[in-house]
Amino acid sequence: MSSLIRRTGAFSHRNPRLFVWFRVLYNARAYYPILAIFFLDLGLTLDQFVMLNFVWAATIFLLEVPSGAFADTLGRKRLLVAAAAIMVVEMAILLVAPKDGGWLLLVLCAINRLLSGASEAAASGADEAIAYDSLPEENREHAWDDVLSTTMRWQAAGFLIAMSLGGLLYDPSWFNRLVPERFAIPIEVAHRLPMALVFLQAIACLIITLRLEETPPRTGNTAERCRSAFKLTLRTAKRAFTTRNIAVILIGGLLIDSVIRNFATITSEYYRLIQVPEWAFGLIGSVIAIGNWFVPAIAKRINHRFQALTTLAIAAAVTIVGLLALALATAWPWLGLIPAVLLMSLLGLVGFTVSRFLHSVAESDQRATLLSVKGLAFNLGYGAYSLGFSLLIAGLRGATGGDAAFQTALYWQVGIVALIFTAYFIRVLWQRKTDQAAG
């Protein structure tokens, strides 16, 4: 991969190349297609699993912006090394978590989610910032478009491999039919194989981050830089949420992102609902990854043609249509894969749009902090939505039962999301018209 990405000037420095490697190995995790059913098969309930995702998001809420400020003051490399090291520990916990372990299982899973959130918070913003600031200052914005689109394409390739392996490793029935019985893989062992693969990826991420170059170098007293970090946190957060054009894009992005990411965490349960066999979960993820290979080019074209807010409005409308199709598709299995693929592809468009906008308004010494504000906002929205969705399922379970509660919740969320999105964009448009009239 390195030989391919060296062909453009944007990758003349080591950091952008290592950034691509890090993003691919850090994000393309083989357990994604089976994440929900892995926790459920360990002995958790669906509402417990969704609640744990709220714990994950709450951890990021507490750590996201401070970690970005520390990245801008103490150094981006230090934060990325910490993120990779924490990832190693979080995956080790999933390898040893006991099946049907009761409270011990729940505690270990909660620790895993806490560590996962801490790792995400440490990496968020710091990885983009260390790559962006190592680009040549001339035509830096266009060079970043090349880096970001290249990263997204290689992530798509990484997801293609990881998703395929995840489902196939988790359900070894296809393999066991091909080999003599003495070589068959026990189901208990197979369920840990995707976690073992991601554990190896975490080690690779740690090696990659150790090779990064701090750009620009951080100098000065460590204690003073820590104090500066907290001041920078408050100053940048205030700027993000009081500067209208930044706040509008952040909030619009998080509304769409939180809904789709909540669905992304429960896709395996949704696939079970529409009667898709477990061995196919990874292959479905691979199809999504193939589609995501084309998302960067589409995202660049849309963002060059429309303003960021217009792009988000288009994504919001498509999200509502996709959610409606999800709810209806449960009546005829397998067809539900079409809206699932559509929704997952929207994550790339939203991420590209918000990242591109923030880089265009960020100052170099606040870049990682501002990106961390974005991460905080997105994860806070995701956590709040996951909490609400888990409470909705728990409330419906008493009246309708397990699978019926989940299916009913899919119908409920269509109306709720449509109402929220419509109210938000009407409010933004009304405020713009008011400002224009006053001007």
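The values are calculated or read from the model by the stated rules, or taken from the named source; none is laboratory data. Because the structure is a prediction, the values reported are computed rather than measured. Here Cβ is always computed from backbone atoms with ideal geometry, including for glycine, and neighbour counts include all displayed protein chains. Only protein heavy atoms, including side chains, enter the accessible area calculation; ligands, DNA and RNA are left aside. Shrake-Rupley method; radii C 1.70, N 1.55, O 1.52, S 1.80 Å.
Quick grid of which residues meet (1) in contact with a Gly (Cβ under 8 Å, 6 or more places away or on another chain); (2) buried (at least 20 other Cβ atoms within 10 Å of the Cβ); (3) over 23 Å from Tyr170 (Cα atoms):
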| position | (1), (2), (3) |
| --- | --- |
| Gly43 | yes, no, no |
| Gln48 | no, no, no |
| Ala71 | yes, yes, yes |
| Ala83 | no, yes, yes |
| Ile86 | no, yes, yes |
| Leu106 | no, no, no |
| Arg113 | no, yes, no |
| Ser116 | no, yes, no |
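Within the stretch 298-310, the only residue that satisfies the criterion of being open to solvent by 40 Å² or more (accessible area, probe 1.4 Å) and touching a residue at least 60 places away in the same chain (Cβ under 8 Å) is Lys300. Within the stretch 334-362, if we keep just the residues that are in a helix (DSSP H, G or I) and of a type in the set (Gly, Ala, Ser), the residue that is nearest to Ile266 (Cα to Cα) turns out to be Ala340.
If you go through the stretch 381-390 and keep only what is touching a residue at least 60 places away in the same chain (Cβ under 8 Å) and more than 21 Å from His359 (Cβ to Cβ), you end up with Tyr382, Gly383, Ala384, Tyr385, Ser386, Leu387, Phe389, Ser390. The set of residues in the stretch 241-271 that are under 22 Å from Ile393 (Cα atoms) and not aliphatic (A, V, I, L, M) comprises Asp257, Ser258, Arg261, Asn262, Phe263, Thr265, Thr267, Ser268, Glu269, Tyr270, Tyr271.
Do we have Asn221 as at pLDDT below 75, of a type in the set (S, T, N, Q) and farther than 30 Å from Trp412 by Cβ here? Yes; evaluated as a whole, the condition is true for this residue. Among the residues examined, Asp100 does not qualify as of a type in the set (Asp, Glu) and either in contact with a helix residue (DSSP H, G or I) (Cβ under 6 Å, 6 or more places away or on another chain) or not in a loop (DSSP other than H, G, I, E, B) (or both).
Per the listing Leu212, Leu135, Leu148, Leu200, the residue uniquely open to solvent by less than 70 Å² (accessible area, probe 1.4 Å), of a type in the set (A, V, I, L, M, F, W, C) and assigned to a helix (DSSP H, G or I) is Leu148. One residue alone among Ser372, Ser355 is open to solvent by less than 10 Å² (accessible area, probe 1.4 Å), under 25 Å from Phe159 (Cα atoms), modelled with pLDDT of 80 or more and touching a helix residue (DSSP H, G or I) at 6+ places or on another chain (Cβ under 9 Å), and that residue is Ser355. Scanning the stretch 156-181 for residues that are under 30 Å from Val295 (Cβ atoms) and among the charged types (D, E, K, R) yields one hit, Asp171.
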